[in-house]
Amino acid sequence: MITASDVKALRDKTNAGMMDCKKALTETDGDIEAAVKWLRERGISKAAGKADREASEGIIAARLSDDGKSGILIEVNCETDFVSRNENFVAFVDEVADTLAASDASDVDSALKVAKGDGTIEDFIKAKFIELGENIKLRKFERFDLADNGAIAQYIHMGGKVGVLVEVGAQQGETAAKDEFRDLVKDITLHIAAAAPKGLSRDDIADEVVEAEKEIYRAQLANEGKPEQIIDKIIQGKIGKFFSESCLLEQGFVKDPDTSVRKLVEETGGKLGDELVVRRFIRFGLGE
C-alpha cells in the first residue's frame, strides 16, 4: 500500500509532482529508490530540478469565444527569448490557450488541473520543458465571462509581450453588434495596452499606494522648502493628477488626450442611444 508519507519522501528526493511520485511508487511496488530511478528514466525528476531556474521570457496569449461572451488571457514563461520565438514553443502556447479556453478553469491552480491528453495541463507543461530543456511555467491566467449585455474583447501587443482583456457592458442586447460599439471596445483595448492603467477607477487604487505617493510628494515638497501650511494643498493637487494618470476612466484617451476614456464611453453611448460601461479589465506585461 502506497502511503502519503511514501509520496512525500519521494517528492523530497526528486521535487517531482505528487501524482508522478504516486505513479512511480505504484509502478515499483513502493520501493523509493526504484521509484527515483523510474522518475529519472522518464526525465521527470530532471524536469523538476529545472523548476528552480528563473523563467522571465515567454508569450502572452488570449482567446475569445465565437459569441464574444467569454475570453481568457494567459502568460506562459520560459527562460530565454530564443525559445520564446521558437515555432515549437509558440505552437505549444497556442495549444495551451485553446485547451484552457474550452475549459471552465478560472485561475492558475484550476487551469493546471485541466485535462490534456492522458494527463493534465501541468503534465503537458512538464513534458515540454523536458523536451526544450528550459523551465516553463503557466504564470498567469484570467477568465472573463460576460455578466450581461455587451462584449468581452482582447488585444495582444508586441508579439505577445503585452496582453489585454476587457469587458464593456451595454443595456441593450443589440448594441454589441453595432460597428460604433465594436470600434469603441477595440480602441479601449489598444488604450489599455499603451497607457497601462493601474485600475478602472479611484476605488481600484489601494489606499497604501495612494499614501505612499503622498509621502513621496511630501518629502519632495519639504526638500524644495515649501511652507508646511501649503504642502497638504499641493499634495491634493498632485494626487488628483496621479489618479488622472493611473485610473483608466480618468486617463486621456491615447488617440485624443483631451478626451478622457470616461467621456469617450459616454459619448459613444449617446450616439448609440444606450448606456455603456467599462466593467473590468486586466493587462499582462510579460514578466511583470
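The values are calculated or read from the model by the stated rules, or taken from the named source; none is laboratory data. As the structure is a computational prediction, the values presented were derived from the model and not from experiment. So basically every Cβ, Gly included, is an ideal-geometry build from the backbone, and we count neighbours across all protein chains shown.
Under 6 Å between Cβ atoms, at least 6 apart or on separate chains: pull out the pairs that start in the stretch 23-35 with a residue that is without any contact (Cβ under 8 Å) to a residue 24 or more places away in the chain and end on any residue that is part of a loop (DSSP other than H, G, I, E, B) and surrounded by 14 or more Cβ atoms within 10 Å (Cβ to Cβ).
Note: pairs meeting the criteria are LEU25/ILE2; ALA34/THR28.
I'd like to check something: does the stretch 161-171 contain any residue that is modelled with pLDDT under 95, within 18 Å of ALA196 (Cβ to Cβ) and of a type in the set (Gly, Ala, Ser)? Write out each step before concluding.
Taking the stretch 161-171 as the starting set, the residues that turn out to be modelled with pLDDT under 95 are none.
Among the residues of the stretch 161-171, not one is modelled with pLDDT under 95, within 18 Å of ALA196 (Cβ to Cβ) and of a type in the set (Gly, Ala, Ser), which makes the answer no.
Which condition breaks for LEU264 when tested against (1) surrounded by fewer than 18 Cβ atoms within 10 Å (Cβ to Cβ); (2) at pLDDT 95 or above?
Every listed condition holds for LEU264 apart from (1).
For a quick check of your reading: which helices (runs of 4 or more DSSP H) sit entirely within the stretch 202-288 and have at least 1 residues that are closer than 30 Å to ASP145 by Cβ, of a type in the set (Phe, Trp, Tyr) and in contact with a helix residue (DSSP H, G or I) (Cβ under 7 Å, 6 or more places away or on another chain)? Give the derivation first.
Details: elements: 207-223, 228-246, 261-272.
Once the helices (runs of 4 or more DSSP H) in the stretch 202-288 are filtered for at least 1 residues that are closer than 30 Å to ASP145 by Cβ, of a type in the set (Phe, Trp, Tyr) and in contact with a helix residue (DSSP H, G or I) (Cβ under 7 Å, 6 or more places away or on another chain), what remains is 228-246.
Quick check on the stretch 94-135: of everything there that is in contact (Cβ under 8 Å) with a residue 40 or more places away in the chain and under 17 Å from the mean Cα position of the chain (by Cα), which residue is nearest to GLU54 (Cα to Cα)?
This residue is VAL96.
Those residues that are within 14 Å of LEU138 (Cβ to Cβ) and among the β-branched types (Val, Ile, Thr), I need them from the stretch 60-112; list them, please.
Of everything in the stretch 60-112, those that are within 14 Å of LEU138 (Cβ to Cβ) and among the β-branched types (Val, Ile, Thr) turn out to be ILE60, ILE72, ILE74, VAL76, VAL93, VAL96, THR99, VAL108.
Residue-wise test of (1) closer than 20 Å to LEU73 by Cβ; (2) modelled with pLDDT under 95; (3) among the hydrophobic types (A, V, I, L, M, F, W, C); (4) not assigned by TED's automatic domain parsing to the domain that holds TYR155.
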position: LYS178; (1), (2), (3), (4): no, no, no, no
position: THR189; (1), (2), (3), (4): yes, no, no, no
position: ALA195; (1), (2), (3), (4): yes, no, yes, no
position: GLN220; (1), (2), (3), (4): no, yes, no, yes
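For the list (1) part of a helix (DSSP H, G or I); (2) modelled with pLDDT of 85 or more, I need the number of the one condition that ASP29 fails.
Looking at each condition in turn, ASP29 falls short on (1).
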